[in-house]
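Peer 1: Let me give you the structure first, and then I'll get to my questions.
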Amino acid sequence: MKFIPLHVHSHYSLLEGLSKPHKIAQRCVAAGYKTCALTDKGSISGSISFLSALKDVCVCSHQKNIHQNKKGKCSGCKCEEFISHQIKPILGCSFYNEYLEDVIILAKDKDGWTNLIKATSEANKPELIKDNKPTLPLPFLANFSKNSWICISGHLGSGIGNLIFGESIAEAYLCKSYDEAKSLVREDWKRVVVEEIGKYQELFGKENFYLGVQLVDAKQVPASEAVAKIIRWAAKKTGAKCIASCNSFYPDKQDDSDHRILVCNRNKTTLSKIEHNMPPKDYPFWRSKNYCIPDNDYIIDIHTEEEINNLNIINEICSSYNILGKPVLPLFDCPDGLSQDDYLKKLCRDGWKKKLRFSSSDERQVYTDRIKRELDTLVTAGLSSYFLIVADYCEWARNQGWLLGPGRGSGAGCLVSYLIGITDADPIPANLIFERFYNAGRNTPDRISLPDIDTDFPQAYRPLVKEYIRNKYGKDRVADMITFGTYKGRGAITTVLSVHEACSFDEIKKISKAIPQEASISDHLQLMLEAHGESSTILWTLQNIGASLRDWCFINEVGELDGPMAKLFEQAIRLEGTKKSQGKHASGIIISKERLSDVCPMAYDKNDDQLIAGMEMNDLEAGGHTKYDLLGVTLIDKVMGIQNRVRTGNNRNALPVSYIHNVDNDEEFEDEAY
Ligand SMILES: [Zn+2]
Ligand SMILES: [Zn+2]
C-alpha cells in the first residue's frame, strides 16, 4: 500500500513553503512515491519547475543535469547513468477563501489545468487581494471547476476544518490538550459540518469531493486530532470519501528547523520571541515536526486502508498531460492583405533599397546570400510576426523623435533586424554571425526557441512604449513578468544569524560583508551548479576566500564545516536559493495572442497595483509564451536631453519618471533590523 502526497507546498508558497522542487523530487525518490501533487498557496507559478524536477530526477535521487559530465555518470554518487524515477506529477493549488482558509484543488486533466490558470488569475485581481493574498469565495472558485477538478477539504486550516471550532478557531490552534480542544468544538458541529460538506459536494460534484483526514500531527496538535475525528464521523454521515492527508511544507522531517527560519522571517521576529507571540496558525509548526513528505510506513500505519486506497483512486482519475508548448505568436496586422512572411520580406526589400549601397557584384552577392539564409531560417521557424512586432514598436518610438540603442549583444548579428529598423548597425562589415543570434539547430519539432532581441529605449519613455504596445495588442494581452527574489549568500546568513540572535547586528554585518555578491562570482557559481545541481555563495566563500570568516566558520581537514557558527552556516547554505519575495522583471514583457488571464496564471503586483504574468521568464517561454525585451537606459535620456535642448529648446525629458523596475532589493532586506 502506498501513500500519495497530494498536499505539498514548495518555496513558491513564499516564506510558507521551504521545498525547492528538486528537493521534493528527491524526497519522493527516497520515500518511494511515484505520484506527487503540487498545491502551493494561491499560486501555480511553480508548476513548470515542478514538472521538470519530477521528470529529471534519477533513481539515484539526483537531477539529470549532474549526470552529464564524464560518460554520463552522476557526479553526486556512483550512479552509472541517468534513469528517470518517473514520478507522475499532479498540478494543483491551495486556494484561499475570503476568510483565508484553504481548499485543495487538483487538476484532473488538461482542462483542469486551464481552469486552474483562469481561477488563479481571477483570485489575483486587486479587489480580491486580502492581507496580500489572492482569495476567491468558494462559489466563485467552483464556477471554474467544470467537473475538471478534485476538491479536498477537512484538515485544520481548511474551510471545513476551521468551521468545527467556529469563533474559537484561534484559541483552538493554541490549545495544549485533546480535552481542551474538544471543549472548543462548537455545539452545533454535527449540523454545520454536514451542511458544509453538502455545499462542497454540490459545488464541485459529489464524486470530485474528498475529505482530507490529517493524523500526522494529531498527537502534538490536539485541535488537529479533534478535527480528524469529526471528519471521519462526517464522512460516514454524508457519504463523502476520506483520504489520508499530510500538509507538507518541507521535504524531510529534519528540514523543520530550516522551515522555522522562514516562519520567523515572515513574522519579522526571532526564534526566541516568536514562542511568546505566536500567530495562532503558525503554532502547529512549533509542536509538530511532521509537516514533511512523510515516510510511507509511518503514514499508512496511522490511517485506514480505505483512506490510502482513495488516494490511489484520485491518482487514477488524474491523467498525465503536457503543458509545455511551442510559442504562440500574436499575428501582426499587415497592410494590403499581406501574410506575415510576405510583409517581413517586403520590409526587408524596402530597407535594402534605403540602407545598402554595393561597390561590387561580389559584395551584393554576400548580402543576397545572407538575407536569403536568414529569411529562410526565420520563416521556417515561424518567427515573422515576432520580427514585425519588434520592428513596429521600434519604428513608433523613432517616430516620436526618440533615440534607440543601436542593438546589443548577439542581437546585432541579424541583417533582417538591420534592414527592418530593429537595429542600427549592418552586421556584415562588423563580421557578426547570424547563427550566434539565432541557432535553429536547437529547435525541435515541439520546441522552437525564440530569438533574443533586446531593445534599448530612453528610460523616461519606456512606459510610453509599453503603453503603445498595450493599446495596439490589447491591454489584456500584454503584461509585465514576475520574478522571484531568493535568499542569496549575504541575505541567507544575515537571516539565519538574526533569527537565531546568534550575535550582535554589527557582527552580522561584518560576516555578511565577507561574502561576495553573486554577480561577482557568477562563473564559479555556474560551475558549482553544473557539478552538484546546486550552488552556494557561502560555501564557495568558505572554500576559496574563507580567511576573513575563520573566527566564525571554516572548512576543516576532513572537509566539514567547523568553528563556533558551523551549524548556522550550514543552515544558511541550505537556505540559499529559496524563494522569498515577488518582484517584477525589469525589462521583459509578454505579448500574447490570447487573453493572458486565460492562458497564463496572472499574479498581483502590489507595487503597481496591477496583474502581471505569474510565471518566471523561462517557464513562460517553455509554456509557449513570447517575451519581448524593452530596456530602459538612462544614458540615452542624457544624450537626448542635450539634443532636445539644442534642437527644440524644449526638454521633453521633463516627464515624471517614477518607475520602480525591480522591487527585490537585497541590501534593504539585509539591513532590516530584528
Ligand atoms: Zn543517477
Ligand atoms: Zn546520483
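Peer 1: Computed FRET efficiency, Cβ-Cβ of Met1 and Ser177, R0 35 Å: what is it to the nearest 0.05?
Peer 2: 0.65
Peer 1: Using the heavy atoms of the protein chains alone and a 1.4 angstrom probe, what is the accessible area of the chain per residue in square angstrom?
Peer 2: 44
Peer 1: Give me the extension gain from Lys273 to Leu324: residue separation times 0.36 nm, minus the current Cα-Cα distance, reported in nm with one decimal.
Peer 2: Additional length available on full extension: 13.8 nm.
Peer 1: Provide the net charge surrounding Asn208, with neighbours chosen by a C-beta distance below 15 Å and charges set as Lys +1, Arg +1, Asp -1, Glu -1.
Peer 2: Summing Lys and Arg as +1 and Asp and Glu as -1 gives 0.
Peer 1: Write down the percent of antiparallel bridges among all DSSP beta bridges whose residues are both part of the chain, to the nearest 5.
Peer 2: Given both bridge residues lie in the chain, the antiparallel proportion sits at roughly 55 percent.
Peer 1: Continuing with this model, one more query. Suppose we take every Cα in region 280-364 and form the convex hull; what volume per residue is that in Å³?
Peer 2: 382
Peer 1: A further question on this structure: Where does each of 595-607, 127-139, 400-412, 12-24 land if you order them by average Cβ count within 10 Å, highest first?
Peer 2: In descending order of packing, they fall as 12-24, 595-607, 400-412, 127-139.
Peer 1: Restricting the calculation to Cα positions, tell me the Rg (one decimal) and the Dmax (whole number) of region 357-422 in Å.
Peer 2: 13.6, 38
Peer 1: Computing the accessible area with a 1.4 Å probe over protein heavy atoms, can you report the carbon and sulfur percentage for the chain?
Peer 2: C and S atoms contribute 50 percent here.
Peer 1: Based on DSSP H runs of at least 4 residues, each adding -39500 (n - 2.57), what is the mean residue ellipticity at 222 nm of the chain after dividing by all its residues, to the nearest 500 deg cm²/dmol?
Peer 2: Result for the chain: -12000 deg cm²/dmol, rounded to the nearest 500.
Peer 1: Is there a pair in Lys2/Lys41; Lys64/Lys130; Lys78/Lys110; Lys281/Lys580; Lys345/Lys466; Lys41/Lys273 whose C-alpha atoms are over 28 Å apart, and which pairs would that be?
Peer 2: Lys64/Lys130; Lys78/Lys110
Peer 1: Highest first, please rank the peptides 198-210, 443-455 by the mean number of other Cβ atoms sitting within 10 Å of their residues.
Peer 2: Result, highest mean first: 198-210, 443-455.
Peer 1: Another question, then. Please list the three semi-axes, largest first and in whole Å, of the ellipsoid equivalent to region 424-538, using sqrt of 5 times the eigenvalues of its alpha carbon gyration tensor.
Peer 2: With the √(5λ) rule applied to region 424-538, the semi-axes are 40, 24, 17 Å.
Peer 1: To continue, here is another question. Which order do you get for Glu81, Glu616 if you rank them by accessible area with a 1.4 Å probe, largest at the top?
Peer 2: Glu81, Glu616
Peer 1: Continuing with the same structure: Over the chain, what is the relative contact order in whole percent, taking alpha-carbon pairs under 8 Å and six or more residues apart?
Peer 2: 15
Peer 1: Right, something else. Could you order peptides 617-630, 96-109, 314-327, 168-181 by the average number of other Cβ atoms within 10 Å of their residues, highest first?
Peer 2: Put in order of decreasing packing, that is 96-109, 617-630, 168-181, 314-327.
Peer 1: Mind listing the long-range amide H neighbours of Gly624? Cut-off is under 5 Å, sequence gap 5 or more, other chains count too, H placed in the peptide plane at 1.01 Å from N.
Peer 2: Gly325
Peer 1: Largest first and in whole Å, what are the equivalent-ellipsoid semi-axes of the chain based on the Cα gyration tensor, each being the root of 5 times an eigenvalue?
Peer 2: One finds semi-axes of 48, 30, 25 Å for the chain.
Peer 1: Here is a follow-up. Considering all projection directions equally, how large on average is the shadow of the alpha-carbon convex hull of region 220-272, in square nanometres?
Peer 2: 5.3
The values are calculated or read from the model by the stated rules, or taken from the named source; none is laboratory data. All figures in this text were calculated on a predicted structure; none of them were measured in a lab. Please note: Cβ atoms are built from the backbone with ideal geometry, for glycine as well, and neighbour counts cover all protein chains shown. These accessible areas exclude ligands, DNA and RNA; they are computed on the full protein's heavy atoms, side chains included. Shrake-Rupley method; radii C 1.70, N 1.55, O 1.52, S 1.80 Å.
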